[in-house]
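The values are calculated or read from the model by the stated rules, or taken from the named source; none is laboratory data. In this text, all values refer to a predicted model and were calculated from it rather than measured experimentally. Because the Cβ atoms are built from the backbone with ideal geometry, glycine has one as well, and the counts that use them run over all protein chains shown. Just so you know, the surface numbers come from the protein's heavy atoms only, side chains and all, with ligands and any DNA or RNA stripped out. Shrake-Rupley method; radii C 1.70, N 1.55, O 1.52, S 1.80 Å.
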Amino acid sequence: MKKILVSLFLLSVLFIGCDRNITTEDISNITNYVVFGFDDTNTKDQLGNPMIIIAKGTSYDITENFTATEGSEDVSENVKISGTLDVNTPGYYQIGYSAVNADGYSAGNTKGIFVSDPAITTDISGNYSATVYRTPTGNAYTAGFPAMISKVTDGIFYFNRLLGSYYYDGLGYSSSGSYFVHGCAMLRQSSKTYVSTTF
């Protein structure tokens, strides 16, 4: 009988001594990343960024027309803005917005801004039949491959085949994915001659 009581006593001491510290168990933290919104954009540019189009010479402040919230808190004052915008020079500009939340996690978004030139009224949009070349060898395929150009704004156009169509269309690399480059081109007026410039 004594052996049983001693065993029960030792067993109870063992369980008491092994009581787990549960003060830090199953604790999880929720962090809210900074979320950006742009109230002057309703479409995307060719890179998937929120897009805005302004005319050359139009006043535009990149520090306005955006929101930054961390949960329900407005943290717009903590946002860092990168990139520059020249409203007097037509082209495409990327403006970056970034912020770090209370837990040290960073987040960001980019706005794509097209500055158009209303003086450029030429419209080259449409569906074209293209001959594709490979440089510097000069090899070419002339089977009339499709090339689509769409107007983004005055003087700026989106090309669904800007580079690499020789491989995608000519050599049949279409099974390997989008083996070509999309892009934009801008028309500029110089001495009454329109020239194309990619950017």
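Under the definition of Cα pairs under 8 Å and six or more residues apart, what whole-number percent is the relative contact order of segment 85-199?
Dividing the mean separation by the residue count of segment 85-199 yields 18 percent.
Run the accessible area of segment 50-119 with a 1.4 Å probe and give the carbon-and-sulfur part as a rounded percent.
Result for segment 50-119: 43 percent of the exposed heavy-atom area is carbon or sulfur.
For segment 49-58, just list the computed ³J(HN,Hα) in residue order, Karplus coefficients 6.51, -1.76 and 1.60, θ = phi - 60°, integers in Hz, with x standing in for Gly and Pro.
Karplus-based 3J(HN,Hα) across segment 49-58 equals 7, x, 10, 9, 10, 10, 7, 3, x, 6 Hz.
I want the local charge near residue 36. Using Cβ-Cβ distances under 15 Å, sum +1 for each Lys or Arg and -1 for each Asp or Glu among the other residues.
After counting each charged neighbour, the total is -4.
Give, as a single signed number, the net charge of other residues whose beta carbon lies under 11 Å from the beta carbon of residue 93, with Lys and Arg counted +1 and Asp and Glu -1.
Computed value for this residue: -1.
Taking amide H positions as placed in the peptide plane 1.01 Å from N, state which residues far from residue 182 in sequence (5 or more) or on other chains have amide H under 5 Å from it.
162
Quick one: what are the phi-derived ³J(HN,Hα) couplings along segment 95-100, Karplus 6.51/-1.76/1.60 with θ = phi - 60°, whole Hz, x for glycine and proline?
10, x, 10, 9, 7, 10
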